[in-house]
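Before any comments, here is the structure.
Here, each number is a calculation from the coordinates, and none is a lab measurement. Quick caveat, the model's predicted, so the values are computed rather than measured. Cβ atoms come from the backbone with ideal geometry, glycine included; neighbour counts cover every protein chain shown.
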Amino acid sequence: MQQVLYEQGNMRASNIQDNMSKAFDCVGCRTSLYGRRFIRVKEQPHCVPCYDELCAKTCAGCGQLIGHNSTELFFEDKHYHDCCLSCFHCRRSLADQAFSSQEGALLCKDCHCREFAAQCHACNMPILPGSRRLELDGVTWHDDCFICQSCEKPIGSQGYFPHKGQYFCVACHENKMSPRCGHCKQALPEGGVIYQGVFWHRKCLLCASCRAPLADQSFTSHQDKPCCLICYNRLYANKCEACGEPITGQEEVKYITFGERQWHRACFTCSLCTASLVGVGFYSSNDRILCRDCNRTQ
C-alpha cells in the first residue's frame, strides 16, 4: 500500500514578474498558469480541471474519480480513495493498518485471523501472518509456545524428543527419560552396553578386579560383578586335576567332573597308562583314577 501525492502550487508574484517572458501553460488546455493553482505530474504542469479530467485515477472501491483534493492510495495496481480502501468483511478502513489479500478480497488483521489464520495448539490464539511458527504432526504452535514439558523453556529450533504426546528438550529428556548407568548413575542418552539387564556407559563397564574395560571383549561375572576372563581364570576358576590350568567353560571347552574334582576333557586319562577315560568306565583309587586294566593289576 502506498500513498501517492502530486505537487501542487501557486506561482508567486515575484516569479510571475521574472517569467513574464516565458510561457507557463497547462499541458492540457494550454491556459496560462500564471497566478493560478496547478499540479505538476511527471514534471508537466496541469491546471486543476485538466488534472481531474486527464490524470485522476478511478477508485477501485467506489468507481468514482479520485480528485486532486483527495488522498489516493494504491495496492496491487489498483487505486483507492483513502476511505474506500476497506476490509471486505467488516468494512473497516485499511488506510492506517496492516491488511492481507485473499483471492482479491482485502481483509483487516482481525478478519484474516478469524477466517484463515491457524490457531496455536498451546494458547488457542491465532497465529498472525508473518509470525514465527512451528508445525509438527499436523499441529501448529507459536514459536514461543512450543515449550519443553519439563523445564517450560521454548524449544525453538533446537532438538527435541517426543514422549507420550509431549515434547522435551534434549537436556530434560536426558535427565528424566534416558536410562541411568549402572555404575555412575548418570544419564545414558545413547550408545552404551547392557549387562545383567542394566545399561552402562562403555567407559564404566570395567573388570571388578583389574579395572580393564570390558565393552569390547568377552567377560564373565563373579558374585554379580563383571570380571574379565584373565582375572576370572586366575582368581576364581576351578583348576584341572591333571594339568593345573584353569577350567573356564568358555568357548565350548568341555570338561569332566567327578566328585569335587574337574579335568579338561583331554586331561581325563588313566593315572598309570594315560589312556583316555572319556566315555568309558573307570575306577577311583585314593587320588588316582584308573582304567579297568590298570585297576586289575593293582
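For segment 150-229, a crude dipole built from +1 on the beta carbon of Lys and Arg and -1 on the beta carbon of Asp and Glu, taken about the Cα centre, is about 140 debye to the nearest 20.
Which is the longest part of the chain that has none of the trypsin sites (Lys or Arg not before Pro) sitting in a DSSP loop with at most 12 other Cβ atoms within 10 Å? It works out to 43-90.
Placing one equal scatterer on every Cα of segment 52-199 and applying the Debye formula, the log10 ratio I(q)/I(0) at q = 0.11, 0.12, 0.20 Å⁻¹ is -0.64, -0.69, -1.12.
For Ser221, the amide hydrogen comes within under 5 Å of the amide hydrogens of Cys227, counting only partners 5 or more places away or on other chains and with H modelled in the peptide plane. Amide H neighbours of Ile247 under 5 Å, at least 5 residues apart or on other chains, H built in the peptide plane: list them. Excluding prolines and chain starts, which carry no amide H, the hits are Asn238, Lys239, Cys240.
Full-extension gain between Arg36 and Gln298, please, as 0.36 nm times their residue separation minus the C-alpha to C-alpha distance. Display every interim value, and only then the final one.
On the way: separation 262, 0.36 × 262 = 94.32 nm, distance 15.17 nm.
Full extension from Arg36 to Gln298 adds 79.2 nm.
Per residue Cα convex hull volume for segment 171-298, in cubic angstrom? Write out the running numbers ahead of the final one.
Working: hull volume 15.2 nm³, N = 128.
Spelled out: Cα convex hull of segment 171-298, divided by residues, is 119 Å³.
Measuring how big segment 237-297 is from its alpha-carbon positions, Rg and Dmax come out at 11.7, 39 Å.
Given 4 °C and 1.567 mPa s, compute D for the chain with the Stokes-Einstein relation, Rh being the Kirkwood radius over Cα pairs; round to the nearest whole µm²/s.
Details: Rh = 30.1 Å.
After rounding, the answer is 43 µm²/s.
With the helix formula -39500 (n - 2.57) applied to DSSP H stretches of n ≥ 4, the chain reaches a computed 222 nm mean residue ellipticity of -2500 deg cm²/dmol.
Taking a label point 7 Å from the Cα of Gln166 along the Cα→Cβ vector, which residues of segment 102-131 have an amide N closer than 20 Å to it? In segment 102-131, the label zone of Gln166 (backbone N under 20 Å from the point 7 Å along Cα→Cβ) covers 121-124.
For Asp82, the residues whose modelled amide H falls within less than 5 Å of its own, excluding neighbours fewer than 5 places apart on the same chain, are Thr71, Leu73.
With a cut-off of 19 Å on the backbone N, the residues of segment 151-185 near the modelled label site 7 Å out from Tyr236 along Cα-Cβ are 182-183. Between Cys120, Gln149, Cys228, the Cα set farthest toward the positive side of the dipole of the chain (charges on each charged residue's Cβ, about the Cα centre) is that of Cys228.
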